[in-house]
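Heads up, the thing below is written out as structure tokens.
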Amino acid sequence: MNFNNLKFPFDIKFHVATFSNDFSVSDANNQPIFYVREKMFSWRDVIKVYSDSSKKEELYQLKSNKLIDFQQTFSIADANGNLIGKARRKTFKSFWTATFHIHDANDNHLYTIKERSGFTRMMDGLIGEIPVLGFFSGYIFNPKYVLTDNSGKEYMEASKEPSFFGRKFKLNQFNSSEDDSLFVLSFMMMLISDRNRG
């Protein structure tokens with residue numbers, strides 16, 4: 001898929017009425033571009049990216065290398081099995097802010113997705129545990145995640161839209177790159193992983 005033809009920002013909407021962990025992605029023109037679904041009841045986490053909800057055309061697959069979520073690494077490949085890159089959760093850093101390292105196909109760490117505010121994570125966790133009041137935490141505390149290269153240059157940001165059920169996110173682009181496909185797919189993995197927060 002040619003990511004250069006896609007118009008940002010992307011709108012990401014989870015399907016809360018289904019048993020699956022899945023969401024749809026549309027571009028700035030409100031045109032559907034992806035349907036993303038986590039494979040259920042699998043020994044390893046597998047996320048499949050389709051062209052639409054019919055699931056007739058599989059575009060990408062993201063597959064975990066481990067059975068448990070401990071510095072879990074997802075290999076990102078296209079429909080032909082060609083490796084695009086890898087996304088790896090940094091478990092110990094994630095206690096304060098969610099952090100994911102993005103690697104190219106040769107396993108070189110080139111980019112990082114990091115939550116902008118540890119305070120938002122802390123308050124969401126505290127308020128979320130309070131009866132009744134916790135219901136509103138997802139409307140008040142909304143995390144943002146920024147993707148940067150190793151020099152700190154920002155390329156994309158995913159932000160949760162205020163809602164009671166954590167259903168909607170927006171993906172903005174600050175700078176384009178030849179790795180845009182890797183960026184977008186890494187954000188998809190991250191949102192599947194962190195959607196219940198915020």
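The values are calculated or read from the model by the stated rules, or taken from the named source; none is laboratory data. Everything numeric in this text was worked out from a predicted model, so none of it was measured. Note that each Cβ is placed from the backbone with ideal geometry, even for glycine, and that neighbours are counted across all protein chains shown. Ligands, DNA and RNA are excluded from the accessible area calculation, which covers all protein heavy atoms including side chains. Shrake-Rupley method; radii C 1.70, N 1.55, O 1.52, S 1.80 Å.
Taking 0.36 nm per residue of separation and subtracting the Cα-Cα distance, what length does fully extending Arg116 through Asn65 add?
15.7 nm
Quick one: accessible surface of Ser26, probe radius 1.4 Å, all protein chains present, in square angstrom to the nearest 10.
Probe radius 1.4 Å; accessible area of Ser26 about 20 Å².
Given the protein chains as shown and a 1.4 Å probe, how many square angstrom of Tyr35 are accessible, to the nearest 10?
We get 20 Å² for Tyr35.
Checking the table Lys56/Lys153; Lys39/Lys153; Lys55/Lys114; Lys56/Lys114; Lys39/Lys144 against a 29 Å threshold on Cα-Cα, which pairs fail?
Over 29 Å Cα-Cα: Lys56/Lys153; Lys39/Lys153; Lys55/Lys114; Lys56/Lys114.
Determine, from the Cβ-Cβ distance of Met1 and Lys168 and an R0 of 25 Å, the FRET efficiency 1/(1 + (r/R0)^6), rounded to the nearest 0.05.
Efficiency at R0 = 25 Å is approximately 0.65.
At R0 = 22 Å, how high is the FRET efficiency between Glu58 and Ser151 if r is their beta carbon distance? Nearest 0.05 is fine.
Between Glu58 and Ser151 the formula returns 0.05.
With all protein chains present and a 1.4 Å probe, how do Glu38, Glu57, Glu115, Glu161 order by accessible area, largest first?
Sorted by accessible area, descending: Glu57, Glu161, Glu38, Glu115.
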